[in-house]
Amino acid sequence: MILKTIVNIFNQKKEKQIGQILIDKNLSVSCAESCTGGLLSSLLTDISGSSAYINQNFVTYANEAKINLLGVNPETIEKYGVVSEEVALEMASGLIEKYNCDVAVSTTGIAGPAGATKNKPVGLVCIGAANKNKKIAISYKASSKLPRRLMKYEFAQKALEVLLQFLKENY
């Protein structure tokens, strides 16, 4: 598992495919990241020419940032927890509504080693994707044995997969 994660760090196939779809369809993308701390944005901007499709990206680690910058409803956080598909959906939807992007992706999770609860273990990430017509969210559980840095890469890789699939299905 750790070797697969390390190999994915240097494989830019998903990032290149995402970039090509965005360029071909003349679309922009924005990211709202919590647990990935800007890593997803970094991976997307590692591709030369990404300035043609990257709109605005935010690291919204604190709940207040999710609420103030993205319009996440505090009641959603209270009811479902900050690491939830509901919050991931509101993060992605907030980007669409507030920042004039065509496609949005969001991450919220527990990279560990602290922060786990009985129902939300280390390695859990919720990823949202949205456009003006559709929004989706998924939960993914990575191995809790991954060190924090590799956990963040695993989360970012999963977010790239979700974004790529969302683009393929909707454009």
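Find the Rg to Rh ratio for segment 47-91, where Rh is the Kirkwood radius over alpha-carbon pairs and Rg uses the same atoms. Walk me through the numbers on the way to the answer.
Details: Rg = 13.1 Å, Rh = 11.6 Å.
Ratio value, two decimals: 1.13.
If the viscosity is 1.306 mPa s and the temperature 10 °C, what translational diffusion coefficient in µm²/s does Stokes-Einstein give for the chain when Rh comes from Kirkwood over Cα pairs? Let's see the in-between values first.
Values: Rh = 15.7 Å.
D = 101 µm²/s.
Please list the three semi-axes, largest first and in whole Å, of the ellipsoid equivalent to segment 33-130, using sqrt of 5 times the eigenvalues of its alpha carbon gyration tensor.
Working: eigenvalues 108, 54, 19 Å².
They are 23, 16, 10 Å, listed largest first.
Considering only DSSP beta bridges where both residues belong to the chain, give the percentage that are antiparallel (nearest 5). Show your work: numbers first, answer last.
On the way: 13 of 22 bridges.
Around 60 percent of the beta bridges assigned by DSSP in the chain are antiparallel ones.
Note down the relative contact order for the chain as a percent, whole number, built from C-alpha pairs under 8 angstrom at least six residues apart.
Details: 316 pairs, mean separation 41.5, N = 171.
In percent, rounded to a whole number, it is 24.
Which peptide among 105-116, 136-147 comes first, and what is the full order, when sorted by highest mean count of other Cβ atoms within 10 Å? Mind showing how you got there, number by number?
Working: 105-116: 22.7, 136-147: 16.6.
Final packing ranking: 105-116, 136-147.
Pairs 25/98; 25/120; 118/152; 16/118: which exceed 28 Å Cα-Cα?
Working: 25/98 21 Å; 25/120 37 Å; 118/152 21 Å; 16/118 38 Å.
Beyond 28 Å between Cα atoms: 25/120; 16/118.
What aspartates and glutamates does residue 135 reach when the alpha-carbon gap must be under 13 Å and sequence neighbours fewer than 8 apart in one chain are set aside?
Correct list for residue 135: 85, 86, 90, 97, 102, 169.
Taken together, the values in this text are just the output of simple stated rules run on the coordinates, not laboratory data. No experiment lies behind these values; they were computed from the predicted model shown. Because the Cβ atoms are built from the backbone with ideal geometry, glycine has one as well, and the counts that use them run over all protein chains shown.
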